[in-house]
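Engineer: Quick one: the structure is below, questions incoming.
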Amino acid sequence: MNSFKEQWIKYKIAEMRPEDILHYARVFGVPMTPEEAAVILQTVRNHPWSLDDTSTHQPVFDAIQQKVSPGTFKAVKQLYNQYML
């Protein structure tokens, strides 16, 4: 993926609010509390990752898994596997 596209995606993530995450969670049927949405958004913003380097994704998932319910984490991971891999 080119660097412009990745930077644009990261910019859009930087603009998001927890309410946006909750909206998308409802659209995709992911059980999520407002607190979990805030934690997920903060984690994705604060951990270094690259769309091209999947090895950078696991540390983000590890951090999310420690902070959200097992059901929320399972649903988020399934969406990642469905749309990103």
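Values quoted throughout were computed directly from the atomic coordinates according to the rules given, and no laboratory measurement underlies them. Keep in mind the model is a prediction, meaning the values are calculated, not measured.
Engineer: At 0.36 nm per residue, minus the direct Cα-Cα distance, what do residue 26 and residue 79 gain on full extension? Give it in nm, one decimal, please. List each step's numbers first, then the result.
Structural biologist: Values: separation 53, 0.36 × 53 = 19.08 nm, distance 1.27 nm.
Working it through step by step, the gained length comes to 17.8 nm.
Engineer: Also, I was wondering about something else. Could you tell me the convex hull volume per residue, in Å³, taken over the Cα atoms of the chain?
Structural biologist: Details: hull volume 7.6 nm³, N = 85.
Cα convex hull per residue, to the nearest whole number: 89 Å³.
Engineer: Follow-up. For the chain, take the longest principal axis of its alpha carbons; what is the angle in degrees between that and the long axis of helix 3-15, to the nearest 10 within 0 to 90?
Structural biologist: 30
Engineer: To test your reading of the geometry: what angle, between 0 and 90 degrees and rounded to tens, separates the Cα axis of helix 18-28 from the longest principal axis of the chain?
Structural biologist: 80
Engineer: Need the list of lysines near residue 67 for cross-linking: C-alpha distance under 26 angstrom, and skip anything on the same chain fewer than eight residues off.
Structural biologist: 10, 12, 77
Engineer: Next question, about the same structure. Relative to the longest principal axis of the chain, what angle (0 to 90°, nearest 10) does the C-alpha long axis of helix 34-46 take?
Structural biologist: Result, in degrees: 20.
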